[in-house]
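Undergrad: One structure coming up, written as structure tokens, with questions to follow.
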Amino acid sequence: MTQANATTTPRARSLSVMDAVGVLVGVVLGIGIFGFPPLVAQNAGSEAVYLGLWLAGGAVMLIGALCYAELGSAYPDSGGEYHYLSLAWGRRTALLFGWARGTVIQTGAIAVVAFIYGDYAQRLLPLGEYGPTLHAALSVIVLTALNVVGTHPSKRLQMALTALVIASLAAIVAAGLFGTGAGEAPPPAPIQGSVLGALGMGMVFVLLTYGGWNEAAYLCGELRDPARNVIRVLLIGTAVVVCTYLLVNLALLQIFGLGGLQRSTAVGSDVMQKVAGPNAALLLGLTVSWAALSTINGTIMTGARVYHALGRDVPALRGLAGWSERGQAPTRALLAQGAITLALVAFGAVSENAVEALVAYTAPVFWLFMMLVALAVIRLRRIDPARPRPFRVPLYPLPPLVLALTCTGLIWSSTLYAGAGALLGIAVLAAGVPVLYLVGRRGPSNFL
């Protein structure tokens with residue numbers, strides 16, 4: 001086997017543990033917690049089951065973090081999952097993932113959050129009939145430009161936005177713990193249909209809320225002492241996210257009760273009304289806006305690393321490999337990612353419901369490749385047993401198998417939920433096969 005060099009990236013490792021934790025937490029603690037709890041509650045028959053679903057989501061995040069920590073400490077590279085897939089399953093699988101991440105997964109996720117930001121920003125600063133789309137496009141342009149300037153200003157903004165999001169969530173927790181409680185809350189609605197199916201759908205929404213933790217993989221190539229620090233970043237980030245979400249959901253149950261939470265159509269607005277009274281609309285708009293900006297900025301920062309890795313490894317895409325030593329950022333990759341994202345924003349502008357359409361078509365493709373990353377832990381142990389692994393997954397091979405089986409179930413559940421949108425995402429993925437076959441006919445030496 002021709003082994004990829006774990007230190008193929010020559011740039012300085014400029015990110016500390018807290019920098020990377022700030023990016024990870026900022027990406028995960030996004031807008032999902034303001035929208036998905038009622039949908040989770042509708043698939044839970046009791047408060048214990050409701051909290052159990054959130055705990056199960058945290059367990060999946062922890063298992064995933066352990067798997068990614070082994071891969072990241074053994075093969076630190078700014079290509080992240082792209083790099084792991086290339087080593088485990090070969091260059092064509094990695095190229096297909098690069099295509100999917102660039103056209104479906106990452107750019108679609110950025111566009112989704114940008115539209116949600118646009119809807120709230122339009123209330124704070126109206127820009128006319130097409131205001132939400134203009135706000136969405138401006139958020140992509142400004143934050144991409146900031147990342148092009150350099151990683152340091154981007155990570156400083158990320159830390160500030162993350163602090164604002166945590167402060168907002170702390171206000172929700174305080175309202176629940178020190179407020180008047182649910183009072184005469186309506187009784188929980190019974191689960192409709194199969195209990196097992198309801199639990200599965202509840203987990204889909206929980207894991208959408210937890211989504212983004214895997215983005216830490218793309219920071220490994222720039223993390224100081226990755227062999228030791230990858231596991232620290234993932235475990236600290238996981239602990240912060242899980243504890244925050246459990247406290248927020250305990251507070252929501254205290255404020256609304258399970259029945260009231262099931263019937264809430266805008267849990268963020270309802271909470272802010274209790275916390276801020278007549279200033280609720282303004283506070284909610286600001287809260288969701290900086291939560292969305294935190295997610296957009298963190299996702300732009302990590303997402304461009306795959307374009308850079310493709311340019312580094314594929315001769316036909318060499319133009320994407322440009323790296324700014326001054327700013328410590330993949331400038332050309334950031335610009336390419338921004339252009340594709342803006343094209344999706346334009347598409348969303350003419351869609352009936354841009355957010356639903358983009359979420360629907362990203363989920364199955366995302367879980368497919370995460371399943372392959374989970375199985376990569378097992379495959380790389382078999383084909384590269386001599387590789388130093390500063391961190392090894394405990395109870396191996398159980399964690400990667402559990403993660404792979406969970407991803408398989410989520411592929412099925414998200415496909416059923418997404419319907420035609422899932423087929424569109426799969427079609428875009430399939431469209432990349434002939435393209436990548438042509439550009440990848442001559443491969444670099446650092447692939448298997």
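Undergrad: Modelled with pLDDT of 80 or more, part of a helix (DSSP H, G or I) and touching a Ser or Thr at 6+ places or on another chain (Cβ under 6 Å), is that true of Val142? Give the steps one after another, and end with the answer.
TA: Working: modelled with pLDDT of 80 or more: yes; part of a helix (DSSP H, G or I): yes; touching a Ser or Thr at 6+ places or on another chain (Cβ under 6 Å): no.
Here the answer is no, as Val142 does not meet what is asked.
Undergrad: In the set Gly35, Gly58, Gly102, which member is out of contact with any strand residue (DSSP E or B) (no Cβ under 7 Å at 6 or more places or on another chain), closer than 28 Å to Leu293 by Cβ, surrounded by fewer than 24 Cβ atoms within 10 Å (Cβ to Cβ) and modelled with pLDDT of 90 or more?
TA: Gly58
Undergrad: Any idea which of Thr7, Thr107 is modelled with pLDDT under 80, of a type in the set (S, T, N, Q) and either in contact with a helix residue (DSSP H, G or I) (Cβ under 7 Å, 6 or more places away or on another chain) or farther than 30 Å from Leu196 by Cβ (or both)?
TA: Values: Thr107 fails: modelled with pLDDT under 80.
Only one candidate passes the filter, namely Thr7.
Undergrad: Could you look through region 89-109, keep only residues that are aliphatic (A, V, I, L, M) and more than 15 Å from the chain's Cα centre (by Cα), and pick out the one that is nearest to Val365 (Cα to Cα)?
TA: To start, the set of residues in region 89-109 that are aliphatic (A, V, I, L, M) comprises 94-96, 100, 104-105, 109.
With the extra rule that they be more than 15 Å from the chain's Cα centre (by Cα), the set shrinks to 94-96.
On the way: Ala94: 14, Leu95: 14, Leu96: 11 Å.
Among them, the one singled out is Leu96.
Undergrad: From (1) surrounded by fewer than 19 Cβ atoms within 10 Å (Cβ to Cβ); (2) of a type outside the set (Asp, Glu); (3) modelled with pLDDT of 75 or more, pick out the condition that doesn't hold for Leu344.
TA: If we test Leu344 against (1) surrounded by fewer than 19 Cβ atoms within 10 Å (Cβ to Cβ); (2) of a type outside the set (Asp, Glu); (3) modelled with pLDDT of 75 or more, just (1) comes out false.
The values are calculated or read from the model by the stated rules, or taken from the named source; none is laboratory data. Quantities reported herein were computed from a predicted structural model and do not represent experimental measurements. Please note: Cβ atoms are built from the backbone with ideal geometry, for glycine as well, and neighbour counts cover all protein chains shown.
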